[in-house]
Structures are given as structure tokens and as C-alpha cells.
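**Q** Quick one: this structure, given as C-alpha cells, is what I'll be asking you about.
The values are calculated or read from the model by the stated rules, or taken from the named source; none is laboratory data. Here the structure is a predicted model, which means the values were calculated and not measured. As a convention, Cβ positions derive from the backbone with ideal geometry for all residues, glycine included, and neighbour counts pool all protein chains shown.
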Amino acid sequence: MTAARTRICETGANAETQPPKWTDVFRRSSLGPQIYFVKGSQWVRFPTYGDSLNSECEHWDRVYKTCVRLEVPYREICSSSPVNATGLNQDFAFLDGGVVSRFGNYWVGRKGAWVVGRQTLRLTCYEMGIPQPKRWRGEAKILSHRELIAAAFLQHEEEPEQLRQRLKLLDSDDFSVHPIFRSSEGIGI
């Protein structure tokens, strides 16, 4: 791993004694007010023949494992072409957005992973042991880990069709243009 990539993936100067801040793992994205980029995920290498997905940064691995552990609705689309361009899109829908990843071995298009939605970011931080971001403007209160888990499981049981529709929105070529992901208020839970 290069020095630049190592710097991107570090979780803080004193990572052994204190947990990373949310800004060590995520950054606000220019794609929208409630979209957060997973730092270092642009370096995820798509597998070549006989290989597996290889992340040179633990942040994406931890976000992915969190989504799998929560058993939220998931969609994975893999594409390839005769000229060896291959892509992998992974989308998880839960709470007020979800998690979106776009990886490939081609030179064009957006690459990386994003957390979409403030409540989704909060639950992801709780699950990863990262202290919560401060309360955002317009946010009445910061929901507890227990409240967010309960909301995610209730949503999964009571709103499966709505979550399937959200997966379709997240899977679009440019998920960030949809109005529910562009609003500073989000879609709520």
C-alpha cells in the first residue's frame, strides 16, 4: 500500500487509545447534504480472475460487514464485458437511505462507497463503535443505538416494498440526483 493510501486509511493519530471520530472514517460528499463518502473506498480493488474483492482500507470492510450483520435488504449487480471491464454495484437499503458502493477495474465513472442518510450514518457509527456526530440543524434529538436498531428491524418487517423501491433508486447510475437524497431534511424514519 502506498504512503498516500495508508494516510487515507488511518483512523487517527492515537487510534490504539481512543476510537476514531466519525470524520476519520467518513466525509461529507459533494453529491448531497445527506451523503457521506467512506474514506479510502476509492482504492477498493475489483477482483481479477480467481481473486476476491480486496479493500486496502478497513473502513469499507467494516461498513459492509455492518450491513450484512444487520441483514438489511441488499442488491448486488456484477457486470463485465469482453474487453475485461468489470464492475460491482452493492446497495443496502435501510432507515432514511442506505449504503451504496461502486467498484470496478475501469477508468471511468464514480468509484467508492457512500452512506446515504443521517440516521443510516448514525446507526453505522454505533455499529462500528464510532462516537456520534453532533446533532444536525433541524434534528430534534439523536436517536439511541437501540432506537435505530428497532426502527431498522421494524422497517424491514413492515415496509419491505418501500425498501425494494429504495434499492432501485440507490441502484441508478446517479443515485444522488433523486430528490429524497438531495433534500437537507432527508426522508425521515
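**Q** Please verify whether the range 141-152 includes one or more residues that are within 18 Å of SER101 (Cβ to Cβ), at pLDDT 60 or above and among the small types (Gly, Ala, Ser).
**A** Step one: of the range 141-152, the residues within 18 Å of SER101 (Cβ to Cβ) are none.
Taking every residue of the range 141-152 in turn, none turns out to be within 18 Å of SER101 (Cβ to Cβ), at pLDDT 60 or above and among the small types (Gly, Ala, Ser).
**Q** For VAL116, state whether it is among the hydrophobic types (A, V, I, L, M, F, W, C), buried (at least 19 other Cβ atoms within 10 Å of the Cβ) and under 12 Å from SER41 (Cβ atoms). Please lay out each step first, then the result.
**A** Working: among the hydrophobic types (A, V, I, L, M, F, W, C): yes; buried (at least 19 other Cβ atoms within 10 Å of the Cβ): yes; under 12 Å from SER41 (Cβ atoms): no.
No: the conditions fail for VAL116.
**Q** Any idea which of VAL100, VAL83 is closer than 30 Å to ARG146 by Cα and hydrophobic (A, V, I, L, M, F, W, C)?
**A** On the way: VAL83 fails: closer than 30 Å to ARG146 by Cα.
After ruling out the rest, the residue left standing is VAL100.
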